[in-house]
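Reviewing the structure listed below.
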Amino acid sequence: QVQLVESGGGLVQPGGSLTLSCAASGGIFSINTMAWYRQAPGKERELVASITSGGYTAYADSVKGRFTISRNNAKNTVYLQMNSLKPEDTAVYYCRVVHSVGNSWGQGTQVTVSS
């Protein structure tokens with residue numbers, strides 16, 4: 001069974017930075033797209049950024065120029081570098097991995113941007 005372990009969330013002041021990590025393990029033969037989603041209170045979950053196995057990236061308009069997604073295929077890990085954070089970035093962030101036996105979600109990590 002595929003497991004995803006997220007880390008790196010926390011409390012940060014506006015303008016600050018955080019880096020999220022998500023490591024996949026267990027029964028994975030190949031990983032395709034890796035992505036980060038977020039869900040703020042009272043809102044639907046939304047796609048933040050994604051990266052294909054070939055390294056093609058895509059971002060939500062709200063985070064373009066501030067967030068960077070990357071991956072380490074040897075470690076089955078995806079990262080989200082978040083800079084110039086704003087209060088509206090406050091949400092639970094989830095990673096999602098599309099792999100050879102389906103897709104899996106992480107448990108979520110809280111990011112709070114507040115002074």
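Just one of (1) open to solvent by less than 60 Å² (accessible area, probe 1.4 Å); (2) touching a Pro at 6+ places or on another chain (Cβ under 9 Å) trips up Glu6, so point out which.
Condition (2) is where Glu6 drops out.
Which ones in segment 24-46 are modelled with pLDDT under 95, in a strand (DSSP E or B) and either touching an Asp or Glu at 6+ places or on another chain (Cβ under 8 Å) or not polar (S, T, N, Q) (or both)?
Matches in segment 24-46: Ala24, Ile31.
Mind listing whichever residues of segment 9-29 are free of Cβ contacts under 8 Å to residues at least 60 places away in the same chain and touching a His at 6+ places or on another chain (Cβ under 9 Å)?
none
On the basis of being assigned to a strand (DSSP E or B) and loosely packed, with under 14 Cβ neighbours inside 10 Å, does Leu80 make the cut?
Criteria not met by Leu80.
Give me the pairs: first residue in segment 35-46 and closer than 11 Å to Tyr59 by Cα, second residue surrounded by fewer than 21 Cβ atoms within 10 Å (Cβ to Cβ) and of a type in the set (A, V, I, L, M), beta-carbon distance under 6 Å, and six or more apart or on different chains, which are they?
Tyr37/Leu47
Restricting segment 34-43 to residues that are under 22 Å from Ser7 (Cα atoms) and over 12 Å from the mean Cα position of the chain (by Cα), which is surrounded by the fewest Cβ atoms within 10 Å (Cβ to Cβ)?
Filtering first and then ranking leaves Pro41.
Which number in (1) of a type in the set (Gly, Ala, Ser); (2) open to solvent by less than 60 Å² (accessible area, probe 1.4 Å); (3) modelled with pLDDT under 95 marks the one condition that Ala49 misses?
Going through (1) of a type in the set (Gly, Ala, Ser); (2) open to solvent by less than 60 Å² (accessible area, probe 1.4 Å); (3) modelled with pLDDT under 95 one by one, Ala49 breaks only (3).
Pairs, please: C-beta under 7 Å, at least 6 apart or cross-chain, first residue within 22 Å of Pro41 (Cβ to Cβ) and in segment 72-90, second of a type in the set (Gly, Ala, Ser) and open to solvent by less than 50 Å² (accessible area, probe 1.4 Å)?
Close Cβ pairs (under 7 Å, with a partner that is of a type in the set (Gly, Ala, Ser) and open to solvent by less than 50 Å² (accessible area, probe 1.4 Å)) amount to Leu80/Ala49; Leu85/Gly16; Thr90/Ala40.
The values are calculated or read from the model by the stated rules, or taken from the named source; none is laboratory data. Fair warning: this is a prediction, and the values are worked out from it, not measured in the lab. All Cβ positions, even for glycine, are placed from backbone atoms using ideal geometry, and neighbour counts span all protein chains on display. Side chains included, ligands, DNA and RNA excluded: accessible areas come from the protein's heavy atoms. Shrake-Rupley method; radii C 1.70, N 1.55, O 1.52, S 1.80 Å.
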